[in-house]
Amino acid sequence: MIYDLAIVGAGPAGMAAGIEAAALGLSVTVLDEQPAPGGQVFRAVEAASGDAALAGEFRDAGGALAAAFRAVRGIAYRPQTTLWHLDPEAGLLSVVSGGATAEIQARRILLATGAQERPVPIAGWTLPGVMSAGAAQILLKTAGAVPDGSVVIAGQGPLCWLLAVQLLRAGVERLTLLETGSGGAFRDALRAGGLWTGRKLLAKGLALMRETRARGLRVVRNVRDLRAEGDGRIRTVRWRQGSRDHALACDTLLLHEGVIPSTHITRALGLDHDWDARQLCWRPRLDRWGATSHANVAVAGDGGGIGGWEAAAAGGRLAAIDAAHRLGRFDAAVRETRAADASKARHAALALRPFLDRLYRPGPGVLAPTDDTIVCRCEEITAGQIRDAARLGAAGPNQVKAYLRAGMGPCQGRMCGTVVAGLIAETRGTSMESVGALRPRAPFKPMTVGELANQRPDAIPELTA
Amino acid sequence: MNAIGHATRDAIVIGGGLVGAAIAYGLQRQGLSTVMLDEGDVAHRASRGNFGLVWVQSKGLGAPHYQHWTHASARAWPELAADLLEATGIGVGLHQPGGLHFCFSDDEMAQRDALMGQLRREAGNAGYEYRMITAAELHDMVPGLGPQVVGASWTPYDGHASPLHLLRALHAAFQGAGGLYRPNALVTAIKALPGDFAVDLGADTVRAPRLVLASGLGNADLAPLVGLSAPLRPERGQILVTERARQVLALPTHVVRQTEEGSLLLGDSKEDLGFDTLTQTPAIMRAIARRAVQTFPWIAELNIVRAWAALRVMSPDGKPIYDASERFPGAYIANCHSGVTLAGAHASLLAPMIAAGALAPDLSPFSARRFHVQKTA
Amino acid sequence: MFRRRPEARPATQDRLVEVFVAGRPLRVPEGASAAAAVLLSGAPAIRTTPVGGAPRLPYCMIGICFDCLAEIDGVANRQSCLVPVAPGMRIEPQIGARVARADDTAPEAA
C-alpha cells in the first residue's frame with residue numbers, strides 16, 4: 001500500500017503529527033528506532049510512570065501524549081525500525097528491522113527525528129565515566145538508575161537543572177553543577193523579550209532552580225577550560241574560574257552544552273540548511289508548516305530547530321495539517337482555520353526561546369577544543385590533527401574525512417562533523433557557511449551486509465496502534 | 001597567498017584528485033615549480049570513491065598499449081609508495097600479493113581462461129603471467145569461500161592501496177617539495193597561447209608555460225579551450241564499507257578487499273560485474289551485498305558503516321585519454337577511471353614526459369583523436 | 001558506576017531480568033538496555049577501541065555515539081543502548097576490532 005504520510009520518529013512531534021493526520025483521514029505510518037513511543041524527551045514514559053523522581057511534565061504530559069498516540073486506531077506504528085535510505089522523489093523509505101530490509105511507500109514524508117545533545121569535546125571526554133547529561137537522564141528513565149559517588153554535571157542549559165533536580169530527588173548525594181558560560185549572557189538574554197508570553201515555562205525553570213537550592217546542590221558558575229583526567233576512567237575534573245585553577249574528585253562527569261537539531265538525514269537528502277550562529281548548529285530551512293526545500297519532505301520538532309517538546313508537538317500537528325492540504329484534502333483557507341490552535345500553541349511554546357538561546361549561548365570553545373582533545377571518537381582523531389589537515393589545504397569536513405578518517409567510523413560523523421568544520425573555519429579564517437558540512441550517505445545507520453542482502457517485505461513488524 | 005598566486009610558475013595542474021596530484025607531484029619532483037588548482041569540499045570526487053585496487057588483470061583486452069601502461073604503473077608503484085613514505089611519513093598501504101577474480105560457474109571459468117589467454121597473447125614479450133585456480137586450491141588462499149564459487153583467475157601483478165592515504169600523501173609530498181596547492185580554486189576562464197597559459201580564478205590569475213588538465217569530468221569543458229577534446233561521461237559506481245575487522249583477507253579480489261585499517265570494501269566493478277549502476281540506489285546496494293555474501297558468506301554479519309557513490313570518469317571506450325595539444329604546445333590532458341592503479345605511471349612516467357615537453361610515442365594510442373577516427377571511418 | 005533504585009518501579013518491582021555481563025549474572029529492570037546493564041554492572045569498559053585500544057563506556061545512550069558497542073549473544077559490535085535486555089542475555093565487551101568469523105561456522109548466508 002502507499003501511505004499518505006510516513007512519519008519518521010515517535011517523539012512529541014511524530015506522535016502529535018500521527019494523531020492529527022489520522023484525525024484528518026490520512027493513512028499514516030510511524031517508524032521509530034525505539035521500542036516504545038516517546039522520543040528521547042519522553043523516553044520509556046509508559047514504563048517509568050511509577051517513578052517519583054520523574055514526576056511532573058515527563059510523567060503527566062509525556063504519558064498523556066503516548067497514551068493518546070497508542071489510542072489512535074489506524075496508525076501503522078513500527079517500533080524498532082530504522083530508516084537507512086530515503087528516496088523522496090519516489091516516496092520510498094528503505095528500512096531495516098528484525099534482521100531484514102524492506103521498502104515502505106508514502107506520498108509525503110515527515111522527518112521528526114528530533115535532536116541530539118551537542119557533543120562537548122573536552123580533553124578526556126572519552127574516558128569511561130564521562131557521558132552526556134542526557135545519557136544519565138535516559139538511564140534514570142529506562143532503568144531507574146543513578147550514578148554513584150561524586151557526580152558532576154558540567155555545562156549549561158535547562159537540562160542541567162532538570163537533571164540535577166531529578167538526580168537529587170532520586171537520592172544522589174554528592175552532586176555538583178559546574179556551570180559554563182559567562183555572567184554577561186543574562187543581560188543579553190533579558191533584551192530578547194518574551195518573558196511574559198513565556199512565563200509558564202520560565203516559572204517552571206525557576207522552580208527547578210529553587211528546588212536544587214533547597215536540596216543543597218553545589219553550583220559553581222563561570223566555569224571554563226574543563227578537562228577530565230584519570231587513568232582508564234575519570235578520577236578528576238579540572239576547570240578554570242577567573243584566573244584560578246580548580247579540581248574536584250569525580251566518579252561520573254555529565255557534560256551538556258544544549259541540544260542541536262539532528263540533521264543527519266536532512267543533510268543526506270541534500271536539503272537546504274542555515275547556520276545558526278547563536279546556537280552554533282545547522283538547521284534545515286523550513287517554512288512555518290515545516291516544509292523543506294524538497295516538495296515531498298517536511299520536518300517537525302527539534303530536528304528543525306530546538307524548541308522543546310510543546311513546540312515540537314504543535315509543529316507536528318501543523319505539518320500534518322499541511323500534508324492533508326497538499327494531498328488535496330482541503331484548500332489553503334481551511335488549512336489556516338484548522339491550524340489556529342496549533343499555531344497559537346507553538347507561538348506560546350517558543351516565546352521564551354530567544355531568551356534561553358541567549359542565556360545558554362554555547363561558548364565558542366565547543367567548536368575549538370584544545371589540540372590534545374579527541375574530536376572524532378570513533379577514529380580517535382584529535383583537534384590538532386584536524387588543524388594540521390586544514391593547514392595542508394583541506395577546505396571542508398569532507399576533505400578532512402578523506403585525509404584523516406575523521407567522521408568515517410560507525411557514528412558517521414554525528415559526533416565530530418560540526419566540530420571538524422569549526423576547526424577548519426578557525427584555522428583557515430573562513431565562515432562555517434563556506435566550510436560547509438559533512439555529506440552523510442545511506443545507510444543512515446550501520447546495518448549488516450546480511451540485513452541489506454535479505455529483503456523481506458513481511459519482516460517489518462507493524463503494530464497498528 | 002595572492003602574491004604567490006599571481007606569480008608565474010613552470011606548470012599549472014587543474015585538478016587535485018588522484019590524477020592531478022600524482023602528475024603535480026611528479027612535475028614538482030622534476031624541478032618544475034607547479035601550482036595545483038582544486039575545487040572545493042563537495043566537488044565530484046572520483047578520488048574519494050575509489051575502491052583502491054592496483055589492478056592489472058582483465059585490463060586492456062584488444063589494447064596492448066593499455067595493458068602495458070597498466071602493468072608499467074603497477075611496477076612503478078613500490079617506488080612511489082616508498083618515496084611518499086620517506087617524504088611525508090604517510091604509509092599508503094600498498095600490498096601487491098596478486099589478486100583474485102572469482103567465477104561462479106564452469107562456463108565463467110572457461111570464458112575467464114580464454115580472456116586471460118588472449119591478454120597473454122597480446123602482451124607479447126612483456127609477458128603476462130596468470131593461473132586459473134580451482135575452488136579446492138582457493139580455500140588455502142582465502143578463508144570461508146561460498147559454495148557457489150567455482151574458481152578464480154589470479155595474476156601476481158595485482159594489489160591494493162589506500163586511495164585516501166595516497167591522496168593525502170600526494171598532496172603533502174607535493175607541497176613538501178615546494179608545490180603550491182590551492183583548494184576552492186574554481187577555473188572561470190583559460191586564455192591559451194602557445195607555451196603561455198593564463199588560468200583565471202575569478203579573484204586572480206595564474207600563468208605558466210605548461211598546463212595539465214586533470215580535472216576528471218571537468219576536462220570535457222576545459223579541453224576545447226586548449227585545442228583538445230575529452231569526450232567523457234559519468235558512470236556511477238557504488239561501494240559499501242564495513243566496520244573494522246581483524247585482518248582476514250590476505251589477497252585483494254575484484255569484489256571484496258580488506259583495507260589496512262580492517263574495513264572490508266564491497267564493490268561493484270562495472271566492467272567485471274556488469275551491474276547497471278544507474279538504476280535505483282538501494283537496489284544496487286542490495287546487489288553488491290548479495291554478491292559479497294555469495295562470495296564470502298561470513299561477510300553477512302559485518303556491519304556496513306558507510307557507502308560511497310562516486311562518478312567514474314569514462315571515455316567512450318573506457319580507456320584513459322592522454323593528449324598533447326598541437327595548437328597550443330605545452331597543454332596536456334589526462335583522464336582515466338583508475339586513479340589508484342595508474343598513480344605510479346602518472347607520477348613516474350607521464351609527469352617526466354610532460355616536463356620534457358612531449359608525450360612518448362607509445363602513448364599516442366591514448367589520444368582522443370581515436371574517437372574522431374571512429375566517427376569518420 | 002550506576003546503581004539501581006528499587007523504588008523507581010514500584011508497580012513492576014518484581015519484573016527484573018537476569019542477564020550476564022562479562023559472564024557475571026546481574027538483575028536489571030525490564031525495559032532497560034544492554035548498555036544500562038553494563039553501566040549497572042560496574043564493568044570498567046564496554047569496549048576497547050579498534051584504533052588505540054582505549055577503554056570506553058556508553059556516552060550518549062540515544063544511539064548516535066557508538067561508544068556502547070558490545071558483543072551481545074555472540075553478535076559483535078551491537079549498539080547496546082538500542083538493545084533491550086532479555087532473560088539470559090549475554091553481554092560481553094567488544095575488545096578492539098571484531099573478528100570476522102571466516103573460518104568458523106559462519107551464519108547461514110542470506
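Since every read-out is calculated from the coordinates, none of them should be taken as a lab result. Please read all numbers here as calculations on a predicted model, not as lab measurements. We place every Cβ from the backbone using ideal geometry, glycine too, and count neighbours over all the protein chains shown.
Observations on the model:
- As a calculated quantity, the FRET efficiency between B:E129 and A:R441 at R0 = 35 Å, using C-beta atoms, amounts to about 0.35.
- Counting only other chain Cβ atoms within 10 Å of each residue's Cβ, the peptide C:37-44 averages 3.
- Contour excess over end-to-end distance, with Cα ends at C:E7 and C:I95 and 0.36 nm allotted per residue: 28.2 nm
- Residues in region A:161-177 carry Karplus couplings, in order, of 6, 4, 5, 4, 4, 5, 5, 5, 4, 7, x, 6, 9, 9, 10, 10, 10 Hz; the curve used is 6.51 cos²θ - 1.76 cosθ + 1.60 with θ = phi - 60°, and Gly or Pro positions show x.
- For the pair A:A71 and B:A198, label points projected 7 Å from Cα toward Cβ lie 7.7 nm apart.
- Of the beta bridges in the protein assembly as shown, as assigned by DSSP with both residues counted there, near 60 percent are antiparallel.
- Within region A:1-137, DSSP assigns beta bridges of which about 45% are antiparallel (rounded to the nearest 5).
- Counts of other chain beta carbons within 10 angstrom of each beta carbon in peptide B:305-315 average 3.
- Karplus-derived 3J(HN,Hα), 6.51/-1.76/1.60, for each residue of region A:195-211, Hz, glycine and proline x: 5, 6, 4, x, 5, 5, 5, 4, 4, 4, x, 5, 5, 4, 5, 4, 5
- P(r), alpha carbons of chain B - 20 Å bins starting at zero, rounded %: 29, 57, 14, 0
- In nm, spacing of pseudo-spin labels at B:A189 and A:A55 (7 Å Cα→C-beta vector): 7.7 nm
- The Cα center of region A:135-163 and the Cα center of region A:342-379 differ in position by 18 Å.
- Based on Cα contacts under 8 Å between residues 6+ apart, region C:29-110 shows a relative contact order of 32 percent.
- Rel. contact order, % - alpha carbon contacts under 8 angstrom, at least six apart, chain B: 26 percent
- Distance from the C-alpha centroid of region C:37-110 to that of region A:222-247: 30 Å, rounded to the whole angstrom.
- Measuring nothing but how far apart in sequence close Cα pairs (under 8 Å, 6+ apart) lie, relative to its length, region C:65-106 scores a relative contact order of 36 percent.
- With the largest listed first and rounded to whole Å, the semi-axes of the equivalent ellipsoid of the protein assembly as shown from the Cα gyration tensor are 50, 32, 28.
- Calculated FRET efficiency, A:S243 to A:W196, Cβ-Cβ distance, R0 = 35 Å: about 0.35 to the nearest 0.05.
- Per-residue mean of foreign Cβ neighbours for B:239-245 is 6 (Cβ atoms of other chains, 10 Å radius).
- Cys with no candidate disulfide partner in chain A (beta-carbon separation under 4.7 Å rule): A:C160, A:C250, A:C281, A:C378, A:C411
- Amide H partners (placed H, <5 Å) of B:S367, local residues excluded: B:Y322
- Greater than 24 Å apart at Cα, pairs in A:K200/A:K344; A:K401/A:K445; B:K191/B:K319: B:K191/B:K319
- The label point for C:F20 and the one for A:E229, both projected 7 Å from the Cα toward the Cβ, are 4.1 nm apart.
- Cut-off 15 Å (backbone N to label point 7 Å along Cα→Cβ of A:F186), residues of region A:222-244: A:222-223
- The calculated FRET efficiency for B:D83 paired with A:R221, based on their beta-carbon distance and R0 = 41 Å, is about 0.15.
- A straight line joining the Cα centroids of region A:69-94 and region B:184-239 runs 46 Å.
- Secondary structure note: in chain B, about 70% of the DSSP beta bridges are antiparallel.
- Per-selection Kirkwood Rh - region C:14-92 (Cα, Å, 1 d.p.): 12.2 Å
- Judged by the gyration tensor of its Cα atoms, with axes a ≥ b ≥ c, region A:260-313 is oblate; a/c meets the 1.5 cut and b/c is at least as large as a/b.
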